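**Q** Handing you a structure now.
Just so you know, all these numbers are worked out from the coordinates, no wet-lab data involved. Quick caveat, the model's predicted, so the values are computed rather than measured. Every residue, glycine as well, gets a Cβ built from its backbone with ideal geometry; the counts of neighbours run over all protein chains shown.
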Amino acid sequence: MNAQTQLRMMILAVLERQPEHGYAIAQGIKARSGGVLLAREGTLYPVLHALEAGGQVESSEAEVSGRVRREYRLTENGAAVLQKLRGDWMRQQGAVNAVLGGEA
């Protein structure tokens, strides 16, 4: 699984809990990973736009603290894609662990 696919999976996972705007998605990834993973603006927004074009997320404008922000939410299609990506990730993780000598 390449880095862009991993980012797609993480964005969908953050949106699984609730709709969020871009900055909150990036902060969710950072917080859930204990600060290890970062989703920078230059990579986050192109992936969000691709997810929207592919029907995995929908967006709308919402006012947050007096500012209008684009809020993204997971679609049914996005939930199905997330489920598949999670399975792919688990298989890949198991394979890497087996190569490294850990438990698969």
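**Q** Take each of the peptides 20-27, 3-10, average the number of other beta-carbon atoms within 10 Å over its residues, and list them starting from the highest.
**A** Values: 20-27: 18.5, 3-10: 16.4.
The most tightly packed comes first, giving 20-27, 3-10.
**Q** Do the sum for the chain: with -39,500 (n - 2.57) for every DSSP H run of n ≥ 4, divided by all residues, what is the mean residue ellipticity at 222 nm, to the nearest 500 deg cm²/dmol? Walk me through the numbers on the way to the answer.
**A** Details: 4 runs with 64 residues, N = 104.
Helix-only estimate at 222 nm: -20500 deg cm²/dmol.
**Q** Taking the number of other C-beta atoms within 10 Å as the exposure measure, put E71, E41, E16, E58 in order starting with the fewest.
**A** Working: E71 20, E41 10, E16 13, E58 16.
The fewest-first ordering by Cβ neighbours comes to E41, E16, E58, E71.
**Q** With θ set to phi - 60°, apply the Karplus curve 6.51 cos²θ - 1.76 cosθ + 1.60 along the stretch 55-72 and write out the HN-Hα couplings as whole Hz, x wherever there is a Gly or Pro.
**A** x, 7, 9, 10, 9, 8, 8, 9, 8, 10, 6, x, 10, 8, 10, 7, 10, 10
**Q** Please list, in chain and number order, the residues 5+ apart from T75 or on another chain whose amide H is under 5 Å from its amide H, with Hs placed from the backbone.
**A** Distant-sequence amide H within range of T75: V57, E58.
**Q** Scan (i) 18.0; (ii) 23.4; (iii) 14.5 for the value of Kirkwood radius over Cα pairs in Å calculated from this model and give just the label.
**A** Recomputing Kirkwood radius over Cα pairs in Å here gives the entry labelled (iii).
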